[in-house]
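Shown next, in structure tokens, is the structure this report addresses.
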Amino acid sequence: MQVWQRLGDMVGSAGAAALVTLAAVRGSAPREAGARMVVRPDGAFFGTIGGGRLEWRALEEARRALAAGRGPARLVDEALGPDLGQCCGGFVTILIETFDRRDAAAIAALAAAEAAGPLATVGRMGADGRVARLIEPAAPAAGEVASVDLMRPRGRREAGSDLALQDLVLCERFEDGRTPLLLFGAGHVGRALVLALAPLPFRLRWVDPREEAFPPHVPMNVTPVFAPDPPAEARAAPTGALVLVMTHDHPLDLAVVAAALARPDLPFVGLIGSATKRARFLKRLGEAGLGEAARARLVCPIGVPGIAGKEPAVIAAAVAAQLLQVRERLRRAASARGERRVSAGADDRFLARAVALSREHMLHGDGGPFGAVVVRDGFILGEGWNCVTSQNDPTAHAEVVAIRRACAAAGAFALHGATLYASCEPCPMCLAAAYWARLARIVYANTREAAAAIGFDDAFIYGEMPKAPGERSLVMEHRPLAEAAQVFADWLAKADRIPY
Ligand SMILES: [Zn+2]
């Protein structure tokens, strides 16, 4: 969705509109941070923040805000618990903003920037309580998902209350979000596929050299392209476009596939047909000089496996499912790349927090000079510091404490996608804990050698790890027991076991 274009259209036609943004997500939620809805005063809306009661309540809030007239932005925290009838278990923060004709120029500028490609903005709260957005000069790389990084000071949040807004910094990305797709062929399956893809997040160029092949009306996400030379369309495709080939004619299929496979930046080239057709095409493509790596990228047959029906609508559904799989895989990869880049600034902040904890609690006498924080989606899930001497707990290392608290906060025994920031390189125990907690990444400041130099000899334990049990300084004896083995067997047979 082009958010600002849509918002500008609504303000133009209805005089006012609200923008509802899923500004932050902790834990499991129906949609990701950055999901948006644009709402008209009469309740009509575009986009979704995930449906259900959450969306319904956000719509109510937006309409109420619009009825009160253009005013300050509001942040609303919602727990996706029983009172919302949504059992995702996460927490979301929703930003609600109102706009009217006074904002037309600002909206138009953002709409123009958004139309030109992915857009990054930094928003700060003005004295009037409204978000003032500045366009970042460096646009985010194509393919990154639209998202929001809400930086807010700790300790200000009270359950159920609106937040103090003045210190917030809203780093946002906007982009169309639909995946470009070139569909070659307007036959029966092509037509069925266009219908199947109509409500899905794809932007289609539908190419056929027969002008009369196109139906008189096509869905809004489709541009019919009458092209006498279809392979030229494949050569001109935007980077990252998916390609599907199902023309009325095999030599034309071959020419389009050859042009598409010659482009390593087109991540999916699918050809309708059987394994026999694939073999024949690969042979021809080889004879035409296309390299082995390029040929190996040909996807044929197409569609998710396990669907045998040959009716055009059935094939279309199977292919649409496959395209969604490809799209999600590509977006996950792009998102991971984008997060690595965006997280550089966030890394500094969170690592500084871990170091601040190490100093604070060392001075307080809690234990050794170590601090850690676990972060996911831009939020601190748990903080920890060393409590070994104050709690007589040799396992109360900062990282273990932070992981325990993060798991308690998340209500889960795994923290997929989270990052551990530690003031010092984790010891083997903490490193293992990070693996068990399924953390994605560890960022640390001091090294294990620096820790050894001040008397914390993790380096010694690292040295023990690779040794055989009999060679370690800690005596280890292996005594097999039938009963111990039986417990393992019983675990495997336990119907209600929870694997981890
Ligand atoms: Zn440790």
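The values are calculated or read from the model by the stated rules, or taken from the named source; none is laboratory data. On a predicted model such as this, the values are computed, not experimentally measured, just so you know. Every residue, glycine as well, gets a Cβ built from its backbone with ideal geometry; the counts of neighbours run over all protein chains shown.
Inspect the stretch 404-414 for any residue being within 13 Å of the ligand (Cβ to nearest atom) and of a type outside the set (Ser, Thr, Tyr) and give the result as yes or no. Checked the stretch 404-414: at least one residue is within 13 Å of the ligand (Cβ to nearest atom) and of a type outside the set (Ser, Thr, Tyr). Any idea which of 452, 432, 437, 422 is within 16 Å of the ligand (Cβ to nearest atom), small (Gly, Ala, Ser), touching a helix residue (DSSP H, G or I) at 6+ places or on another chain (Cβ under 6 Å) and without any contact (Cβ under 8 Å) to a residue 24 or more places away in the chain? It is 452.
Could you list, in sequence order, the residues of the stretch 42-57 that are more than 22 Å from the chain's Cα centre (by Cα) and either over 21 Å from residue 201 (Cβ atoms) or exposed (fewer than 15 other Cβ atoms within 10 Å of the Cβ) (or both)?
Selection gives 42, 43, 44, 53, 56, 57.
Would it be correct to say that residue 253 is assigned to a loop (DSSP other than H, G, I, E, B) and acidic (Asp, Glu)? Spell out the reasoning first.
Values: assigned to a loop (DSSP other than H, G, I, E, B): no; acidic (Asp, Glu): yes.
So residue 253 does not fit the description; no.
Evaluate the stretch 397-417: report whether one residue or more is at pLDDT below 95, buried (at least 23 other Cβ atoms within 10 Å of the Cβ), in contact with a Ser or Thr (Cβ under 8 Å, 6 or more places away or on another chain) and under 23 Å from residue 28 (Cβ atoms). No. Do we find that residue 257 is touching a strand residue (DSSP E or B) at 6+ places or on another chain (Cβ under 7 Å), of a type outside the set (Asp, Glu) and modelled with pLDDT of 95 or more in this structure? So residue 257 fits the description; yes.
Look through the stretch 207-230, keep the residues that are closer than 24 Å to residue 328 by Cα and without any contact (Cβ under 8 Å) to a residue 24 or more places away in the chain, and return whichever of them is surrounded by the fewest Cβ atoms within 10 Å (Cβ to Cβ). My answer is 220. Within the stretch 471-494, the set of residues being within 19 Å of residue 428 (Cα to Cα) and either in contact with a Gly (Cβ under 8 Å, 6 or more places away or on another chain) or in a helix (DSSP H, G or I) (or both) comprises 471, 476.
One line per residue, one yes/no per condition, for (1) away from the ligand (no atom under 13 Å from the Cβ); (2) crowded, with 17+ Cβ neighbours inside 10 Å; (3) in contact (Cβ under 8 Å) with a residue 12 or more places away in the chain; (4) within 23 Å of residue 348 (Cβ to Cβ):
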residue: 426; (1), (2), (3), (4): no, yes, yes, yes
residue: 458; (1), (2), (3), (4): no, yes, yes, no
residue: 465; (1), (2), (3), (4): yes, no, yes, no
residue: 479; (1), (2), (3), (4): yes, no, no, no
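When the stretch 382-396 is examined, which residues are found to be within 14 Å of the ligand (Cβ to nearest atom) and either modelled with pLDDT under 90 or assigned to a loop (DSSP other than H, G, I, E, B) (or both)? Passing the criteria: 386, 387, 393, 394, 395, 396.
Of the residues making up the stretch 367-381, those that are within 15 Å of the ligand (Cβ to nearest atom) and surrounded by fewer than 23 Cβ atoms within 10 Å (Cβ to Cβ) are 367, 368, 369. Quick one: would you say residue 239 is in contact (Cβ under 8 Å) with a residue 40 or more places away in the chain and among the hydroxyl-bearing types (Ser, Thr, Tyr)? Considered against the rule, which asks whether it is in contact (Cβ under 8 Å) with a residue 40 or more places away in the chain and among the hydroxyl-bearing types (Ser, Thr, Tyr), residue 239 comes out as yes. The residues in the stretch 171-200 that are crowded, with 23+ Cβ neighbours inside 10 Å and modelled with pLDDT under 85 can be counted, and the count is 2. All of 219, 228, 224 fail the test of being farther than 19 Å from residue 326 by Cβ and in a strand (DSSP E or B), apart from 224. Residue count for the stretch 227-240 satisfying the condition of being in contact with a strand residue (DSSP E or B) (Cβ under 8 Å, 6 or more places away or on another chain) and at pLDDT below 95: 4. Cβ-Cβ contacts under 6 Å between residues 6 or more apart (or on different chains), taken from a first residue in the stretch 108-130 that is assigned to a helix (DSSP H, G or I) to a second residue that is among the aliphatic types (A, V, I, L, M) and surrounded by 14 or more Cβ atoms within 10 Å (Cβ to Cβ), are listed as 113/119; 113/135.
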